[in-house]
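Written below as structure tokens is the structure these notes are about.
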Amino acid sequence: MRSTRKGKIGFGIIVIVTVVLMVFPFVWQVITSVKSPGEIFQAPPSILPEQIYTQNYKDVFTAGVPFHWYLRNSLIIAGLTTIVCLIIGSFAAYVLARFKFKGQALFLGILLAVAMFPQVAIISPLFLFFRDIGLLNTYPGLILPYTTFALPLTIWILTSFFRELPTDLEDAALIDGCSPFQSFYRIIVPLAAPGMVTTAILVFIFAWNEFLFALIFNTANHMRTVTVGITMFPGLHEVPWGTIFAASTIITLPLVLMVLILQKRIVQGLTAGSVKG
Amino acid sequence: MKSRTYLPYYFIAPAAIVIFGIALYPILHTFFISLHQINLKFPDLGMSFIWFENYIRLFQDGRAMGALFNTIFFTVSTVALELVFGMIIAILMDRALRFRGILRATVLIPWAMPTVVAAMLWRWMYNDQSGIINAILYGTGIIPEYIQFLAEPALAWTAVIVTEVWKTTPFMALLLLAGLQVIPREVYEASEIDGASKVRTFFTITLPLLRPVLLVALLFRTLDAFRVFDVIFVMTGGGPGNATESLSLYTYKTMFGALDFGYGSALSVLTFVCVIIISVLYIKFIGTRGQQ
């Protein structure tokens with residue numbers, strides 16, 4: 001590519017501006033989380049904290065909000081959603097990748113419809129139904145809707161991974177007398193492990209970050225999830241920003257690190273299906 | 001081997017059952033509830049069938065129409081901005097081999113953050129006394145005094161839209177990058193030999209080749225923006241007044257504030273119908289372009 005020096009410098013500046021705009025808010029969150037209350041409300045704000053104030057992180061767990069419960073709830077709900085989604089989704093993805101069957105187009109159409117579905121359109125019947133059968137303020141009450149809305153993504157990504165696997169091994173297994181189900185879980189699943197990991201991360205992030213269902217279905221304090229939890233920190237006079245951002249950092253830092261380490265795979269999973277159509 | 005013909009159905013059955021039970025059947029039920037008067041504040045009154053009264057009320061309700069307008073405004077402005085910025089970042093990542101890794105890593109940070117956390121963070125950065133945005137704008141002389149961003153409708157909208165665009169542009173950029181990467185290099189080289197300028201090449205070569213991916217990305221982003229809830233709930237709560245209230249937020253307040261499930265369900269159906277209209281328009285557009 002021919003390019004002038006001026007063009008190169010301009011290009012470099014755009015790259016730097018983009019990087020700063022994308023990263024700065026997250027960095028600012030971490031910086032604010034280690035500032036003392038006095039420093040937080042200082043105007044104009046100091047760029048770097050005068051001293052590292054760790055009390056905010058202690059307050060997360062002691063300032064009247066049972067944040068450790070929220071963490072436990074989110075871990076269980078997002079974890080189980082991921083497992084259920086992968087099991088159910090990999091079955092469906094396997095037949096979509098390997099078989100032609102009647103109703104296939106209909107099934108794919110329904111998946112697409114669910115992926116585009118406004119969640120708010122079903123909260124009234126689900127709320128009444130869950131209330132009547134006692135699923136409000138339970139783990140399954142959130143795992144069920146999360147699984148439903150994460151299934152399209154799960155199935156798309158897994159289908160594109162399964163399609164890339166060679167069929168020879170399955171054929172050999174069938175000849176050796178394996179049932180299709182055995183060849184699925186003995187051969188396909190282990191071979192597709194990398195694709196499973198990618199999918200698992202995406203589903204976990206979706207479930208961990210969800211807010212609307214969590215806000216509506218799990219209103220009892222001991223059943224709340226982290227996203228609802230961080231909006232619950234009570235302030236005496238002012239919003240306790242230091243504590244909120246300490247909590248925010250606790251719930252985002254692990255995700256951000258995981259995403260950065262596995263970035264290639266995650267991007268591959270995110271864009272699977274959108275390019276090939 | 002006869003049993004094998006049914007095999008695919010056994011394998012998709014669990015997914016189909018969950019989707020039918022938790023998404024498809026409930027949407028029909030939402031419509032059913034919307035034809036009733038049902039308020040959880042008065043459980044003894046139960047449900048009474050009132051035909052389309054909730055829908056008549058809906059079209060006479062200025063707040064509902066305002067929320068519909070707000071949602072359309074939010075959707076159009078955020079998706080347009082995401083398209084522009086997403087395209088810029090995608091082109092940067094496509095061209096700048098040396099910076100691709102760092103750019104990809106940085107755009108994944110806003111993407112991975114929960115929307116609620118991002119909204120809290122930006123709300124704090126917009127703070128009228130200790131917010132960094134006021135400090136920067138004041139410090140550089142762009143504004144003469146500190147602004148109460150979230151207290152004035154136009155500024156509150158700007159604040160909310162900036163937050164949403166920051167959070168969701170990465171998704172657009174990554175999808176567009178995937179689309180750019182399947183365009184063969186030779187196409188660009190041929191255009192360059194023909195003496196076409198870079199801008200001309202972009203509009204006559206890149207954009208048409210990118211169209212399928214572009215439309216998929218736009219469809220997903222449009223529908224996602226249309227159901228906006230978290231950002232507005234956290235940043236403004238729909239305020240000042242109801243200036244930034246979206247359909248989802250008004251629906252939530254109707255159902256879980258006023259406990260009016262009948263009318264709330266009518267609002268839900270309105271959102272659902274809008275989403276169907278948007279999808280049909282996009283799919284028609286993708287379809288007709290595909291045939292050319």
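If you check B:Leu97 against the conditions, is it touching a residue at least 60 places away in the same chain (Cβ under 8 Å) and surrounded by fewer than 22 Cβ atoms within 10 Å (Cβ to Cβ)?
So B:Leu97 fails the test.
Of the conditions (1) touching a residue at least 60 places away in the same chain (Cβ under 8 Å); (2) surrounded by 22 or more Cβ atoms within 10 Å (Cβ to Cβ), A:Val256 satisfies every one except a single condition; which number is it?
Condition (2) is where A:Val256 drops out.
Out of the residues in region A:121-161 meeting the condition of being within 19 Å of the chain's Cα centre (by Cα), of a type in the set (Val, Ile, Thr) and within 11 Å of another protein chain (Cβ to nearest Cβ), tell me which one is nearest to B:Phe11 (Cα to Cα).
Step by step, filter region A:121-161, then rank; the result is A:Ile155.
Considering only residues that are surrounded by 13 or more Cβ atoms within 10 Å (Cβ to Cβ) and over 20 Å from B:Ala96 (Cβ atoms), which ones fall in region B:175-190?
Answer for region B:175-190, where residues must be surrounded by 13 or more Cβ atoms within 10 Å (Cβ to Cβ) and over 20 Å from B:Ala96 (Cβ atoms): just B:Ala190.
Any idea how many residues of region B:128-146 are surrounded by fewer than 18 Cβ atoms within 10 Å (Cβ to Cβ) and out of contact with any Leu (no Cβ under 6 Å at 6 or more places or on another chain)?
Total satisfying the criteria: 11.
So A:Leu48 clears everything in (1) outside any helix (DSSP H, G or I); (2) crowded, with 18+ Cβ neighbours inside 10 Å except one condition, right? Which one?
Of the numbered conditions (1) outside any helix (DSSP H, G or I); (2) crowded, with 18+ Cβ neighbours inside 10 Å, the odd one out for A:Leu48 is (2).
Looking for something within 17 Å of the chain's Cα centre (by Cα) and closer than 28 Å to B:Ile102 by Cα - is there at least one such residue anywhere in region B:125-140?
no
Within region A:93-134, work out how many residues are among the basic types (Lys, Arg) and closer than 22 Å to B:Gly264 by Cβ.
Count: 1.
Filter region A:75-111 down to residues that are at the interface with another protein chain (Cβ under 10 Å from one of its Cβ atoms) and either among the acidic types (Asp, Glu) or surrounded by 18 or more Cβ atoms within 10 Å (Cβ to Cβ) (or both), then give me how many there are.
Qualifying residue count for the region: 15.
With more than 30 Å from B:Ala159 (Cβ to Cβ), aliphatic (A, V, I, L, M) and out of contact with any Pro (no Cβ under 9 Å at 6 or more places or on another chain) as the only criterion, which of B:Ala67, B:Ala96 stands out?
B:Ala96
Please specify each residue of region A:197-222 satisfying the condition of being in contact with a Ser or Thr (Cβ under 7 Å, 6 or more places away or on another chain) and part of a helix (DSSP H, G or I).
Scanning region A:197-222 gives A:Thr199, A:Ala200, A:Val203, A:Phe204, A:Ala207, A:Trp208, A:Asn209, A:Ala214.
Residue by residue through region A:59-102, note down the ones that are of a type in the set (S, T, N, Q) and touching a residue at least 60 places away in the same chain (Cβ under 8 Å).
Scanning region A:59-102 gives A:Asn73, A:Ser74, A:Thr81, A:Thr82, A:Ser90.
Kindly indicate whether B:Leu218 is assigned to a helix (DSSP H, G or I), over 17 Å from B:Met93 (Cβ atoms) and either in contact with a Leu (Cβ under 7 Å, 6 or more places away or on another chain) or at pLDDT 90 or above (or both).
Yes, satisfied.
Quick one: in region B:201-256, of everything that is more than 30 Å from A:Phe217 (Cα to Cα) and at the interface with chain A (Cβ under 8 Å from one of its Cβ atoms), which residue is nearest to the chain's Cα centre (by Cα)?
B:Ala217
Yes or no: A:Val23 within 31 Å of the chain's Cα centre (by Cα), within 9 Å of chain B (Cβ to nearest Cβ) and among the β-branched types (Val, Ile, Thr)?
yes
Could we say that B:Ser48 is at pLDDT below 95, exposed (fewer than 14 other Cβ atoms within 10 Å of the Cβ) and not charged (D, E, K, R) here?
yes
Would you tally the residues in region B:187-215 being among the hydrophobic types (A, V, I, L, M, F, W, C), over 21 Å from B:Phe85 (Cα atoms), assigned to a helix (DSSP H, G or I) and without any contact (Cβ under 8 Å) to a residue 12 or more places away in the chain?
Of the residues in that region, 2 qualify.
Just one of the numbered conditions (1) surrounded by fewer than 16 Cβ atoms within 10 Å (Cβ to Cβ); (2) more than 8 Å from every other protein chain (Cβ to nearest Cβ); (3) more than 30 Å from B:Arg185 (Cα to Cα) is not true of A:Arg5; which one?
Every condition holds for A:Arg5 apart from (3).
Looking at (1) free of Cβ contacts under 8 Å to residues at least 60 places away in the same chain; (2) surrounded by fewer than 22 Cβ atoms within 10 Å (Cβ to Cβ), find the lone condition where B:Met113 falls short.
Failing condition for B:Met113: (2).
Would you check which residues across region A:189-242 are free of Cβ contacts under 8 Å to residues at least 12 places away in the same chain and either of a type in the set (Val, Ile, Thr) or within 11 Å of another protein chain (Cβ to nearest Cβ) (or both) and list them?
Across region A:189-242, the qualifying residues are A:Thr231, A:Val239.
Take the residues in region B:151-164 that are closer than 27 Å to A:Thr225 by Cα and not β-branched (Val, Ile, Thr); name whichever of them is surrounded by the fewest Cβ atoms within 10 Å (Cβ to Cβ).
Only one residue fits best here, namely B:Ala159.
Go over the candidates A:Phe129, A:Phe149, A:Phe91 one by one and state the one that is over 30 Å from A:Val228 (Cα atoms) and of a type in the set (Phe, Trp, Tyr).
Going through A:Phe129, A:Phe149, A:Phe91 in turn, just one is over 30 Å from A:Val228 (Cα atoms) and of a type in the set (Phe, Trp, Tyr): A:Phe91.
To keep it simple, each residue is scored yes or no on (1) of a type outside the set (Gly, Ala, Ser); (2) in contact (Cβ under 8 Å) with a residue 12 or more places away in the chain; (3) outside any helix (DSSP H, G or I); (4) more than 30 Å from B:Leu207 (Cα to Cα).
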site	(1), (2), (3), (4)
B:Ala225	no, yes, no, no
B:Phe233	yes, yes, no, yes
B:Asn242	yes, yes, yes, yes
B:Leu249	yes, yes, no, yes
B:Tyr263	yes, yes, no, yes
B:Val269	yes, yes, no, yes
B:Cys274	yes, yes, no, no
B:Ser279	no, yes, no, no
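Tell me the residue from A:Ala247, A:Ala172 that is over 30 Å from A:Ile122 (Cα atoms), at the interface with chain B (Cβ under 10 Å from one of its Cβ atoms) and small (Gly, Ala, Ser), please.
The match here is A:Ala247.
Out of the residues in region A:163-179 meeting the condition of being touching a Lys or Arg at 6+ places or on another chain (Cβ under 8 Å) and more than 26 Å from A:Ala272 (Cα to Cα), tell me which one is surrounded by the fewest Cβ atoms within 10 Å (Cβ to Cβ).
The residue in question is A:Cys178.
Going through A:Ser160, A:Ser183 one at a time, which residue ends up being surrounded by fewer than 22 Cβ atoms within 10 Å (Cβ to Cβ), touching an Asp or Glu at 6+ places or on another chain (Cβ under 6 Å) and modelled with pLDDT of 80 or more?
Answer to the check: A:Ser183.
The values are calculated or read from the model by the stated rules, or taken from the named source; none is laboratory data. What you see is a predicted model; the values in this text were computed from it and never measured. All Cβ positions, even for glycine, are placed from backbone atoms using ideal geometry, and neighbour counts span all protein chains on display.
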